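The block underneath contains the structure these notes are about, expressed in structure tokens.
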Amino acid sequence: MTTDQLYSELNYVDHSREKRLYYAHLVINNPDLIPKLLEILFRVDDKISCRAAWVLEFMCSENLDYLIPHLDDFTKNMHNVHLDSAVRPIAKICEYIAKAYYNTKPNTIKNALKREYQERIISVCFDYMIRDEKIAPKAYSMNTLYLFGADYDWIHPELVLILERDFQMQSSGFKARAKQILRKLKK
């Protein structure tokens, strides 16, 4: 399948779990489509890029290992994504990566996640925290930053400052997640 053919196929992806899962499995069964999916995802001003992000998120939820050969490309370009419908899946994928990296069970992410990839993820998550993003990317970013704070001692103090500063101005969803993270940080 060419990039143009994949692009056309992505027109059929909608918000339904069924469609997202169908196309995620299409990509999993044809890993040569992953670079093409990423190329479409990083056409950041195109609405179809959001659909590519949805498919990538579902692919990662099914099997994060498929992203490993593409971590450099993903982490280099994810900061360019700006459409709300694409930002949420990017933040969720960052959380998947952090959870896998800090999981106590051995996995391939632990060896594949270079320090430069971690730093790019940390940077984009802080961007989501300080920008006017919706609650979901902020919530995923809070958790990702909390996890990476185990190895980067400067993250937790910065995260506390942002959470406390923004607490009163944010939604109840933000406040609920922020309370959880702040409780963990103050233990």
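In straight-distance terms, cross-link reach from LYS175 covers every one of the aspartates and glutamates whose alpha-carbon lies under 16 Å from its own, apart from those fewer than eight places away in the same chain; here that gives ASP132, GLU133, GLU164, ASP166.
Given their separation in residues at 0.36 nm each and the Cα-Cα distance between them, ILE28 and VAL160 gain 43.7 nm when the chain is fully extended. May I ask for the angle, rounded to the nearest 10°, between helix 172-185 and the longest principal axis of the chain, with both axes built from Cα atoms and the value confined to 0 to 90°? Value to nearest ten degrees: 60. Solvent-accessible surface (1.4 Å probe) assigned to TYR22 amounts to roughly 140 Å².
If the segment from ASP73 to LEU182 were pulled out straight at 0.36 nm per residue, it would be longer than the present Cα-Cα gap by 36.0 nm. Of HIS25, HIS156, HIS79, the order by accessible heavy-atom surface (1.4 Å probe, DNA, RNA and ligands excluded), from most exposed downward, is HIS79, HIS25, HIS156.
Is the shape of region 99-187 best called rounded, prolate or oblate, per the rule: a/c under 1.5 gives rounded, else a/b larger than b/c gives prolate, else oblate, with a ≥ b ≥ c the square roots of the Cα gyration tensor eigenvalues? Cα axes put region 99-187 in the prolate bin. Counting heavy atoms of the protein chains alone, CYS60 has an accessible area of about 10 Å² for a 1.4 Å probe.
Shape call for the chain from the C-alpha gyration tensor, a ≥ b ≥ c root eigenvalues: rounded (a/c under 1.5), prolate (a/b greater than b/c) or oblate? The shape class here is prolate. Length gained on full extension, SER123 to HIS82, computed as 0.36 nm times the residue gap minus the Cα-Cα distance: 13.3 nm. Per residue of the chain, the DSSP helices (runs of n ≥ 4 H) give a summed -39500 (n - 2.57) that works out to -21500 deg cm²/dmol at 222 nm.
The values are calculated or read from the model by the stated rules, or taken from the named source; none is laboratory data. Here the structure is a predicted model, which is why all the values come from computation and not from measurement. These area figures cover heavy atoms from the full protein model, side chains too; ligands, DNA and RNA do not enter into them. Shrake-Rupley method; radii C 1.70, N 1.55, O 1.52, S 1.80 Å.
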